[in-house]
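Laboratory data are not the source of any read-out in this text; all were calculated from the coordinates shown. As the structure is a computational prediction, the values presented were derived from the model and not from experiment. Quick reminder, even Gly has a Cβ in these numbers, built from the backbone with ideal geometry, and neighbours come from all protein chains shown.
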Amino acid sequence: MADRIKLGMVGGGNDAFIGGVHRIASRIDDRFELVAGALSSTPEKSQASGAALGLPRIYDDYKQMAQREARRKDGIDAVSIVTPNHVHYAAAREFLKRGIHVICDKPLTSTLADAKKLVKAAEDSDALFILTHNYTGYPMVRQAREMVANGDIGTIRVVQVEYPQDWLTIEQDFKQAEWRTDPARSGAGGSTGDIGTHAFNLACFVTGLEVDSLAADLEAFVPGRQVDDNGHVMLRFEGGAKGMLWCSQVAPGNENALRIRVYGDKGGLEWAQEDPNCLWHTPFGEPKRLITRNGAGAGEAAARVSRIPPGHPEGYLEGFANIYTEAATAIASVKAGEAVPQDVLYPTIHDGLKGVQFVSACVKSSARNAAWVKLDH
């Protein structure tokens, strides 16, 4: 085993769901060691959270952390940024300009202007930027992508993707709901930014297609809510394929029901996040075929991110861990002065920019009564 990557974390304190997920994901394959953190927006909470985790080095804020870690001979190699969206740009910039690799939660930033500035900061840095669109790490998502690329379903015609939840069906007053429905912290998109970006990213990742333009009808059904909690989006892909995207956080009976269906002139594929070890393939005119993770018919793309035999389920945490492990391999290669292996695959800052462009275009389109808006690539 190569030396573990020394990791710091910004955000992700004791009361933050996603911080715990990132910490678990970073440890599953034992490629990272968490050694430093600025875990909250106040020094007191940051110190308390760091002490609870037993971190060797705890900082009051991310600027102090970036400055001091960059000066240490044993300083962090990478930082994981798991704050609310509006902090991503400023925090990531501090570490990028000091050559510290960044692993950042999605969406990239809360505004398109910040996203473009962060892309420039990343391009000016020698550091890598990894965005944790974790669903791209699922083995059967990699399988679907490989099959599309191999032409197994032919020329793509139709893409259907959805991500419904129900947890914001009524007004909520706990921390996660508070910041995710505050446009100053989440950005102009509510469900579109929080889960719509996952659906959008998944559609592009699996198909390899870029969205040319979209028409969106967004709604805030809960009275007084300042950001959308439901979105219907029609998509036109470059090359002629058409698609529909639905994201909702007010759909009772749905927990994390991310699902994608892709149809070409030779067949179709279907995958659901809540049954992640299964991929359905239907060649036109033939019966449906079930491909299972590490089972018969699964290819190399899925196998290289699977850990255990078929029938033992892998899911959310393992998919998240695959992104971290890909990041560790890339960072270790850079540290060794080597090229990143070609089979290493993770979402980049440019994928993050596309996600923020998607949200911005949805908000603009909806304000214009679902007018078609082109995405600027």
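If the convex hull of the alpha-carbon atoms of segment 5-127 is projected onto planes in all directions, what is the mean projected area in square nanometres? Before the final figure, lay out each step's value.
Working: hull surface 27.7 nm².
The orientation-averaged projected area of the Cα hull of segment 5-127 comes to 6.9 nm².
Using bins 10 angstrom wide from zero, how does P(r) for segment 148-270 break down, in % of all Cα pairs?
Pair shares across the bins are 14, 42, 27, 13, 3.
Cut-off 19 Å, label point 7 angstrom out along Cα-to-Cβ of ASN14: give me the residues of segment 165-199 whose amide nitrogen falls inside.
174-176
Which FRET efficiency value, to the nearest 0.05, is calculated for PHE221 and ASP3 with the Förster distance at 51 angstrom and r the Cβ-Cβ distance? Before the final figure, lay out each step's value.
On the way: r = 51 Å, r/R0 = 1.00.
For PHE221 and ASP3, the calculated efficiency is 0.50.
Relative contact order for segment 5-127: what percent, with Cα pairs under 8 Å and sequence separation of 6 or more? Mind showing how you got there, number by number?
Values: 223 pairs, mean separation 28.8, N = 123.
For segment 5-127, the relative contact order is 23 percent.
Could the peptides 82-90, 66-74 be put in order, highest first, of the mean number of other beta-carbon atoms found within 10 Å of their residues?
Final packing ranking: 82-90, 66-74.
Can you list, bin by bin at 10 Å, the percent of alpha carbon pairs in segment 301-377, starting at 0?
Cα pair-distance distribution for segment 301-377, in percent: 15, 29, 25, 21, 10, 0.
Taking only the C-alpha atoms, wrap a convex hull around the chain and report its volume per residue in Å³ as a whole number.
In the chain, the Cα hull volume divided by residue count equals 140 Å³.
Label 7 Å along Cα→Cβ of LYS45; segment 78-109 residues with amide nitrogen under 17 Å?
81-88, 91
If we sort 102-108, 132-138, 23-29 on the protection proxy, mean other Cβ atoms within 10 Å, highest first, what's the order?
102-108, 132-138, 23-29
What does the charge add up to near ASN277, with Lys and Arg as +1, Asp and Glu as -1, over the other residues with Cβ less than 14 Å from its Cβ?
Value of the local net charge: -2.
I need the peptides 229-237, 253-261, 196-204 ranked by packing, meaning the mean over residues of other C-beta atoms within 10 angstrom, with the highest value on top.
Ranked from most to least packed, the peptides come out as 196-204, 229-237, 253-261.
Testing the spin-label approximation: label points 7 Å from Cα along Cα→Cβ at VAL340 and ASN256. State their distance in nm.
2.4
Can you compute the modelled spin-label distance between THR155 and LYS73, with each label point 7 Å from Cα toward Cβ, in nm?
6.3
Where both residues lie in the chain, what percent of DSSP beta bridges are antiparallel, nearest 5?
On the way: 36 of 63 bridges.
Close to 55 percent.
Show which aspartates and glutamates lie in cross-link reach of LYS116 when reach means a straight Cα distance below 14 angstrom and same-chain residues fewer than eight apart are skipped.
Output for LYS116: ASP124, ASP351, ASP376.
Taking the convex hull of the alpha carbon atoms in segment 1-70, what volume per residue do you get, in Å³?
75
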